[in-house]
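Notes for the one structure printed next.
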Amino acid sequence: MTKDTRETVTSESLISDIKSILKDISVLKDNTQRNDNKRVEINYFENPLDPNLLAYCFDVILGFDVRYRIFEKVNYVIDFDYKGTFATVGHFKMSYRLSIEQQYRDEIIDIFEKVLPLLEQLFMLIGEQALINNDFSMENESRDYFSKLAFYEKRIEILVQRKRIIEEKCHGKYDIIETKGKYKRMRMKGSDYLRELEAEITYDIEAYIDTFFSALEHVLTLLYPFTDRLATSKSYYKSYIRNTKWHWENKVQDVCGESMPDRITSSLRRIKEVYRNHNAHGGFSREMMAYVQIPNFGRFPMYVGKEYLRGFVKGCSDKISYEMYLDAKKVFSEFWETLDTIYEIPMLFVRSGLPISVDTDRYTENVDSVEQAKWLIEKMWFDIDNQSNMDW
């Protein structure tokens, strides 16, 4: 049996491999030949490396002195020697192009294609360590979640109002349905459409509840680093985010502690178990409905649940209705209001949609008021827009 002697891939070995592939690229020399009439351009779509990756290769891998934002609307221009000939690459607001002699055009494209997967491996290795060291920011989708919740709230109200109008118009009116030319029966006008409306309302309420609990976990995960409970010695990614035991209720407790009223937490627990969990995991969650076989009795429908839906259910139905939606909506609103009160300034950053760094000091340091926080949020979005649009 052959012994596996493959070496463990490290960031150092990957950098060495990339340098080897890019060995024919160097800084300009006195004898570098410049033949402008022989050069051709490689545009954005032909270059396997995007502007940032290529700049990283020159700057970090090859040790070039790369200057950024050198002119208005110009990120960088890098002149270099490729096999003794002059070449240049520039990243501008409206273009990204590399100019090289015709004879080397396909060759350098092939080289960059070989570098790309190695860069991905390198970034993965560096990224894994960054996750352990809490040196990362989390994508903030809170605005999308709140937008979805507002969408469902508006849609549910529209559908309910439409249903009421149809019911009023059709009240006391019936269609005569003839079956096989022999039997006749009466059916309320609009009943088919009303059933479709009722189904739409039910589906939207279920989606609304499901979206809320996703939003809850998302927001609390973003919010936890703002608290003083996160131990900097632990990896937030490994110990919390990837910890399946850190479920929604633990997140509420860890983020809010005793500041979140038990009444709200208990209501959320009930809503989740009764109206959300039965619609998850294909219906076979811990709140499933089972038809159990009772000796000398027969099959009996029974809920198998944790707290609410179990055994003989009295005064507790899992039926979705507009009334239960209003009750749930009230609880959800109270939950967000409590968070906004407890964490007034951190919630401004969460609601802003800005990426949230585990090191939250970069947001909250020297921020002592709501006005300062709002100003900083606007400033950060301004800088992000300028960076992405090259408006400098």
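The values are calculated or read from the model by the stated rules, or taken from the named source; none is laboratory data. Keep in mind that this is a model prediction, so the values were computed, not measured. For neighbour counting, all protein chains shown are included, and Cβ atoms are generated from backbone atoms with ideal geometry for every residue, glycine included. Just so you know, the surface numbers come from the protein's heavy atoms only, side chains and all, with ligands and any DNA or RNA stripped out. Shrake-Rupley method; radii C 1.70, N 1.55, O 1.52, S 1.80 Å.
If you take the residues in the range 30-49 that are in a loop (DSSP other than H, G, I, E, B) and open to solvent by less than 60 Å² (accessible area, probe 1.4 Å), which one is farthest from LEU116 (Cα to Cα)?
Narrowing the range 30-49 to residues in a loop (DSSP other than H, G, I, E, B): 30-32, 34-35, 43-49.
Pick out the ones that are also open to solvent by less than 60 Å² (accessible area, probe 1.4 Å) and you get 32, 35, 47-49.
Numbers: THR32: 27, ASN35: 29, ASN47: 11, PRO48: 7, LEU49: 7 Å.
Result: ASN35.
For a quick check of your reading: which helices (runs of 4 or more DSSP H) sit entirely within the range 317-392 and have at least 3 residues that are more than 30 Å from VAL160 (Cβ to Cβ)? Quick ask: steps written out before the conclusion?
On the way: elements: 322-342, 344-352, 361-364, 370-389.
Filter on the range 317-392 gives 344-352, 361-364, 370-389.
Here are SER267, SER259: which of them is more than 29 Å from TYR322 (Cβ to Cβ), open to solvent by 30 Å² or more (accessible area, probe 1.4 Å), modelled with pLDDT of 85 or more and touching a helix residue (DSSP H, G or I) at 6+ places or on another chain (Cβ under 7 Å)?
Selected residue: SER259, the only one of SER267, SER259 that is more than 29 Å from TYR322 (Cβ to Cβ), open to solvent by 30 Å² or more (accessible area, probe 1.4 Å), modelled with pLDDT of 85 or more and touching a helix residue (DSSP H, G or I) at 6+ places or on another chain (Cβ under 7 Å).
From the list GLU365, GLU344, which residue is open to solvent by 80 Å² or more (accessible area, probe 1.4 Å), of a type in the set (Asp, Glu) and within 25 Å of the chain's Cα centre (by Cα)?
GLU344
Exactly one condition in (1) in a helix (DSSP H, G or I); (2) farther than 30 Å from ASN389 by Cα; (3) open to solvent by 50 Å² or more (accessible area, probe 1.4 Å); (4) without any contact (Cβ under 8 Å) to a residue 12 or more places away in the chain is not met by ASP17; state its number.
Going through the list (1) in a helix (DSSP H, G or I); (2) farther than 30 Å from ASN389 by Cα; (3) open to solvent by 50 Å² or more (accessible area, probe 1.4 Å); (4) without any contact (Cβ under 8 Å) to a residue 12 or more places away in the chain, ASP17 breaks only (4).
Determine if the range 85-96 includes at least one residue that is open to solvent by less than 20 Å² (accessible area, probe 1.4 Å) and among the polar types (S, T, N, Q).
Initial filter on the range 85-96 (open to solvent by less than 20 Å² (accessible area, probe 1.4 Å)): 85-87, 89-90, 96.
Now drop any that are not among the polar types (S, T, N, Q), which leaves 85.
Scanning the range 85-96 turns up at least one residue that is open to solvent by less than 20 Å² (accessible area, probe 1.4 Å) and among the polar types (S, T, N, Q).
It is to be established whether one or more residues within the range 193-203 are at pLDDT 95 or above, touching a Phe, Trp or Tyr at 6+ places or on another chain (Cβ under 7 Å) and on the phi < 0 side of the Ramachandran plot.
yes
Against the conditions (1) in a strand (DSSP E or B); (2) in contact (Cβ under 8 Å) with a residue 24 or more places away in the chain, where does TYR145 fall short? Just the number, please.
It fails just one condition, (1).
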